1. Right, ARG214: of a type in the set (Lys, Arg), in a helix (DSSP H, G or I) and at pLDDT below 85 or not?
2. Answer with yes or no whether LEU23 is in contact with a helix residue (DSSP H, G or I) (Cβ under 9 Å, 6 or more places away or on another chain) and farther than 12 Å from ALA120 by Cα.
3. Output the number of the condition that ASP110 fails; it satisfies all remaining conditions of (1) outside any helix (DSSP H, G or I); (2) open to solvent by less than 90 Å² (accessible area, probe 1.4 Å).
4. Within the stretch 113-141, count every residue that is farther than 20 Å from GLN61 by Cβ and open to solvent by 70 Å² or more (accessible area, probe 1.4 Å).
5. Of the residues that sit in the stretch 142-199 and are small (Gly, Ala, Ser) and exposed (fewer than 10 other Cβ atoms within 10 Å of the Cβ), which one is farthest from ALA211 (Cα to Cα)?
6. Please specify each residue of the stretch 302-318 satisfying the condition of being over 22 Å from GLU400 (Cβ atoms), not hydroxyl-bearing (Ser, Thr, Tyr) and not in a strand (DSSP E or B).
7. Answer yes if at least one residue in the stretch 289-301 is assigned to a helix (DSSP H, G or I), of a type outside the set (A, V, I, L, M), surrounded by 15 or more Cβ atoms within 10 Å (Cβ to Cβ) and in contact with a Gly (Cβ under 7 Å, 6 or more places away or on another chain), and no otherwise.
8. In the list PRO246, PRO285, which residue meets the criterion of being loosely packed, with under 12 Cβ neighbours inside 10 Å and not hydrophobic (A, V, I, L, M, F, W, C)?
Amino acid sequence: MLVVAVALVAGALTLVTGLRGTLTDQVRSAARARAAEVAAQLEAGREPTLAVAEEDEEVVQILDADGRVVASSPNVRGSPALATLRPGQSAQIATPVDDDRFIAVAAAADTPEGARTVVAARALADVSDSTQTVIRLLLIGLPVLLLLVGFTTWKAVGRALAPVEAIRTRVDEISAAELHRRVPEPPGTDEIARLAATMNRMLGRLERAQASQRRFVSDASHELRSPVATIRQHAEVALAHPERIPVTGLAETVLAEGLRMQYLVDDLLLLARAGEETLALQRRPVDLDDLVFEEAGRLRAVTGLRIDTAAVSAGRVRGDATGLRRMLRNLADNAARYARRQVAFTLSERAGSVVLTVEDDGDGIPEAERERVFERFVRLDDARARDHGGTGLGLAIVAELVRAHGGTVAIADSGLGGARIEVVLPSAEGA
């Protein structure tokens, strides 16, 4: 309203000034025409017409070279010169006619008696009256218009911002325990509707993140409870019946379960850094085929499976050697855990990428579960995975490490009968 008020006042002042100037110019033009008419009559040797139709509207005087009045209109007869003007000049003057303001214009005339100056003046009363009328109308109309604009703006803005207030109220009511609630979405596709839709998507992401966090904490607690319970159970039995569990057996159990907890904690820390995008990678050229052969040799040493590396060729990537070794270790352990007799590695370069596949001849992974196995603490066979020391984090770590290296990972059916996990990483030349 303040901005509109300033604009209206500025417009009104401009209007009044322009109107006064235009009307004054019209009066000056009429006076100039009257003065020219009388001057033309004098130069033609005719008797000048000095009578006026309305005495309070116009006055005319004829001055000699010394500025003395030699003739005038009846309404100012006997009065001294109203103004001393040179031909072509104009000025506002006061006349004896009702003491009004006039605008006078001078014109020159050459007569046999000598040079004469004709001064014609027109009253400015109509200009003042018209200007005052406009001012009175503006003084009445501008406040009414301003109030109308303010009321309309108040209603329009209030109606436009009502959905924002509804959104603010709903957001203020939503707590961490009520992330399932959503803000009302107004109809349409304007900015406020898009804001509400964006906030609902944000609440959906927060709800999923909270559910994932709770599930993660619950699963981590469950996984840590198992080795702690095992250690406690063996320790209690050893204390109650020292002859039944020798010190060596107790130490082996504690060591095995301690290593299991260590691996689990390391996996949790890695996933936490990946989730916070603070996973530190020291990127440098790495011969991935060397890491594959290294991992294949480890599997041959610790398992009785047939490890096939015949299809492993040279492949260099730019990445973190420790992270890539961890990725290969998890893929190899996952394949060995479910393989019956054979695990096969292949490595090749293709269109600026290095393609690594790890296959086994186990039962495979159902197509409906191939995306879910990359989630944390997911096991398709819980009992079997626990028996082999699995935590359900191996493939989740693989997915995070591959993503951190700018690659992709996918699962398909293997020609051996089991699962085929394919990892595609940018080559060192294309990186």
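The values are calculated or read from the model by the stated rules, or taken from the named source; none is laboratory data. Keep in mind it's a predicted model, so treat the numbers as computed, not measured. Ideal geometry is used to build each Cβ from the backbone, glycine not excepted, and the neighbour counts take in all protein chains shown. What goes into the accessible areas is simple: the full protein's heavy atoms, side chains included, and nothing from ligands, DNA or RNA. Shrake-Rupley method; radii C 1.70, N 1.55, O 1.52, S 1.80 Å.
1. For ARG214, the condition - of a type in the set (Lys, Arg), in a helix (DSSP H, G or I) and at pLDDT below 85 - is met.
2. So LEU23 passes the test.
3. Only one criterion in (1) outside any helix (DSSP H, G or I); (2) open to solvent by less than 90 Å² (accessible area, probe 1.4 Å) is unmet by ASP110, namely (2).
4. Matching residues across the stretch 113-141 total 7.
5. Looking at the filtered set, the residue picked out is SER175.
6. Result: VAL302, GLY304, LEU305, ALA314.
7. Yes, some residue in the stretch 289-301 is assigned to a helix (DSSP H, G or I), of a type outside the set (A, V, I, L, M), surrounded by 15 or more Cβ atoms within 10 Å (Cβ to Cβ) and in contact with a Gly (Cβ under 7 Å, 6 or more places away or on another chain).
8. PRO246
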